[in-house]
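What follows is one structure encoded as structure tokens, with my remarks underneath.
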Amino acid sequence: MVLVVHAGNRHRYERELDSMFRDRKTVFVDLAKWKGLTADGDHEHDQFDTDAAVYLIAAEPGTGRHLSSLRLLPTTGPNLLTDVFPHLCAGALPAADDVWEVTRICFAPHLRGGARKEVFKLIALAAAEVGLVYGLRQYSVMAYLSFLPEVLAMGWDHAPLGVPQQVDERDPVVAFTLTIDSETLRKFRTQWGVRAPVLHLDTYEAA
């Protein structure tokens, strides 16, 4: 199951958040060496980890060990694309109540191969489900160009926001939108043989 963690229930998921922020430090600071990030000891946060953020966290049952996660932010408030990388958009920046930004997709460093693919499917299903729960129409996303085929192979309907651009020493980065609708969720569940929701809806409270 995937947890929906927001300002109203974070006190219940301190160990999952702790594990997520530790993995974010390992993945983004130690391994990827992203510039402009600061580590708070063994944790990594940025200026967008505020009360407005909603996290989807796949964690090991019992231990709370982080496996995969992402961050959702309303585009009507501060967000990474608008405030830091607006040049990735050729036209108007996404800004609507029913369009949220997806950032900080993170996988536990020890996951490889098939195990990583399985948690990627899990977090994608959760993103589709929670988008419908929140009444969203689209996600705005930034990703390395090399990561894009993995996302699109799932069958997300998408539209580019601009052309790929170099933002660091790694692959070019591209911004795009993903459509959220019941057909997308049906497609995911059918191709992956999933029948039941993956969100831990017992913990959902309106953010």
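No value in this document is a laboratory result; all are computed from the given coordinates. In this text the structure is predicted, and so the values were computed from the model without any measurement. Ideal geometry is used to build each Cβ from the backbone, glycine not excepted, and the neighbour counts take in all protein chains shown.
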Residue list for region 127-146, restricted to those being buried (at least 18 other Cβ atoms within 10 Å of the Cβ) and either among the β-branched types (Val, Ile, Thr) or touching a Ser or Thr at 6+ places or on another chain (Cβ under 9 Å) (or both):
Ala128, Val130, Gly131, Gln138, Tyr139, Ser140, Val141, Met142
Taking region 48-71, which residues are closer than 23 Å to Gln138 by Cα and out of contact with any Ser or Thr (no Cβ under 8 Å at 6 or more places or on another chain)?
Asp49, Thr50, Asp51, Ala52, Ala53, Val54, Ser68, Ser69
If Ala115 satisfies every condition in (1) hydrophobic (A, V, I, L, M, F, W, C); (2) touching a residue at least 12 places away in the same chain (Cβ under 8 Å); (3) within 29 Å of Gln191 (Cβ to Cβ) but one, which is the exception?
(2)
Return the pair list, or none, for Cβ contacts closer than 6 Å from residues in region 148-170 that are exposed (fewer than 12 other Cβ atoms within 10 Å of the Cβ) to residues that are part of a strand (DSSP E or B), at least 6 apart or on different chains.
Ala159/Thr177
For region 19-45, what are the residues that are within 18 Å of Phe107 (Cα to Cα) and touching a residue at least 40 places away in the same chain (Cβ under 8 Å)?
Ser19, Met20, Arg22, Asp23, Arg24, Thr26, Val27, Phe28, Leu31, Ala32, Trp34
Total residues in region 23-81, condition outside any strand (DSSP E or B), of a type in the set (Asp, Glu) and crowded, with 20+ Cβ neighbours inside 10 Å
1
